[in-house]
Amino acid sequence: MQLLDGTAVSAHIKAQLKTEVDILKVNGGKIPHLAAILVGNNPASEAYVGSKVRTCEELGFGSTLLRFEPSITEELLLIEVDKLNSDASIDGILVQLPLPKHIEENAIINAIDPLKDVDGFHPISQGKMMLGQPTFLPATPYGMMMMLEHYGIDVTGKHCVIIGRSNIVGTPMTILMSRNTNPGNATVTLAHSKTKNLKELTLQADVIVAAIGRPRFVTADMVKEGAIVLDVGINRIDDATRKSGSRLVGDVDFDQVAEKCSFITPVPKGVGPMTICGLMKNTLLAAKGKKALSN
Ligand code: GUN
């Protein structure tokens, strides 16, 4: 079994991005600037946004964090998005999800200028991705593809079972894994909470992408010998042996499943750091301007 080390791969990619930024600085190019909107104080969202902003600093990107009370209205949030859309110093905009229930997430996502949609959640970004046109790819699936590429894992013709159909991970991952690229060309099955014969499917899988948001959901009896397992889950569970009283686990029962795999991502330090790389790559692309994305 080989561990797919998100920390090591992301360090490698971040070093490349930093070099690109250093060159932009020398040549007087546009330094990428990411604006993040955080509504409320959900601890997980705080942690994610914090690490996105810290990574910007590490790479020499500019960053702006806009924080709002959970009571902010949809109307006011739309105005804030619009301000960022028309601010030429801002290249990328991300609105950390989830938003409070009274705000329609789609209304906010749809309001982001697609040329600044570095999360790749806007319908134009998703539509272009689906058609194989240049666009911002959603950060987590993009990060997983970079991980496969880095390790030279060829998934051509392999059966990939994706568990979870979210708009930001499972559904776009079906597109990236099945399209005619390298990595890609896999045969994809999208399973979800209503799938009846899940174990039957996962036992046929050469690649499993677990993105269902349930702690240690994928158990060893569901995994074929030699499978490649990518674990997107980040679940906090109680653990009395830890000082904090809790710890993070993925959607995969790592200790049992790892023994059967050819490759597996750990949690933490697997897919998580790769997601940030995806976002940073998109932000650099956004700073490079419209030309890179036009078609
Ligand atoms: N919430 C969970 N994952 C993400 C992500 O990749 N981007 C944003 N904006 N919110 C999220």
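Provide a single number: the residues in the range 186-204 that are of a type in the set (A, V, I, L, M) and out of contact with any Ser or Thr (no Cβ under 8 Å at 6 or more places or on another chain). Steps first, please.
We begin by selecting, within the range 186-204, every residue of a type in the set (A, V, I, L, M); these are 186, 188, 190-191, 198, 201, 203.
Cutting the leftovers down to out of contact with any Ser or Thr (no Cβ under 8 Å at 6 or more places or on another chain) gives us 198, 203.
Count: 2.
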Some residue of the range 54-62 being in contact with a helix residue (DSSP H, G or I) (Cβ under 6 Å, 6 or more places away or on another chain), over 29 Å from residue 231 (Cα atoms) and away from the ligand (no atom under 14 Å from the Cβ): yes
Members of the range 90-126 that are in contact with a His (Cβ under 6 Å, 6 or more places away or on another chain) and more than 13 Å from the ligand (Cβ to nearest atom): 90, 91, 114
Residue list for the range 62-102, restricted to those being among the β-branched types (Val, Ile, Thr) and buried (at least 20 other Cβ atoms within 10 Å of the Cβ): 81, 90, 93, 95
Residue count, the range 35-49 (criterion: outside any strand (DSSP E or B) and either among the basic types (Lys, Arg) or under 20 Å from residue 110 (Cα atoms) (or both)): 0
Leading residue by the ranking (nearest to the chain's Cα centre (by Cα)) among those in the range 127-161 that are within 16 Å of the ligand (Cβ to nearest atom) and not in a helix (DSSP H, G or I): 138
Where a residue in the range 147-170 is touching a residue at least 60 places away in the same chain (Cβ under 8 Å) and on the phi > 0 side of the Ramachandran plot and its partner, wherever it lies, is among the hydrophobic types (A, V, I, L, M, F, W, C) and away from the ligand (no atom under 16 Å from the Cβ), with Cβ under 9 Å and at least six apart: 164/190; 164/191
Flag for residue 45 being buried (at least 16 other Cβ atoms within 10 Å of the Cβ), under 17 Å from the mean Cα position of the chain (by Cα) and modelled with pLDDT of 95 or more: yes
Search result, residues across the range 108-133 that are without any contact (Cβ under 8 Å) to a residue 40 or more places away in the chain and in contact with a Leu (Cβ under 7 Å, 6 or more places away or on another chain): 108, 111
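Would you mind stating whether residue 77 is at negative phi, modelled with pLDDT of 95 or more, of a type in the set (A, V, I, L, M, F, W, C) and within 22 Å of the chain's Cα centre (by Cα)? Explain how you work it out, then say what you get.
Values: at negative phi: yes; modelled with pLDDT of 95 or more: yes; of a type in the set (A, V, I, L, M, F, W, C): yes; within 22 Å of the chain's Cα centre (by Cα): no.
When the stated conditions are applied, residue 77 does not pass them.
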Residue tally, condition more than 16 Å from the ligand (Cβ to nearest atom), buried (at least 18 other Cβ atoms within 10 Å of the Cβ) and in a helix (DSSP H, G or I), over the range 176-197: 1
Filter result for residue 137 (crowded, with 16+ Cβ neighbours inside 10 Å, aliphatic (A, V, I, L, M), on the phi < 0 side of the Ramachandran plot and in contact with a Leu (Cβ under 8 Å, 6 or more places away or on another chain)): yes
Matching residues in the range 50-80 - criterion: being under 16 Å from residue 282 (Cβ atoms), in contact with a Leu (Cβ under 7 Å, 6 or more places away or on another chain) and either among the charged types (D, E, K, R) or part of a helix (DSSP H, G or I) (or both): 52, 53, 56, 59
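Pick from 279, 284: which is assigned to a helix (DSSP H, G or I) and either away from the ligand (no atom under 16 Å from the Cβ) or over 30 Å from residue 207 (Cα atoms) (or both)? Break it down into steps so the answer makes sense when it comes.
Values: 279 fails: either away from the ligand (no atom under 16 Å from the Cβ) or over 30 Å from residue 207 (Cα atoms) (or both).
Selected residue: 284, the only one of 279, 284 that is assigned to a helix (DSSP H, G or I) and either away from the ligand (no atom under 16 Å from the Cβ) or over 30 Å from residue 207 (Cα atoms) (or both).
The values are calculated or read from the model by the stated rules, or taken from the named source; none is laboratory data. Since we're looking at a predicted model, the values are computed, not measured. All Cβ positions, glycine included, derive from the backbone under ideal geometry; neighbour counts span all protein chains shown.
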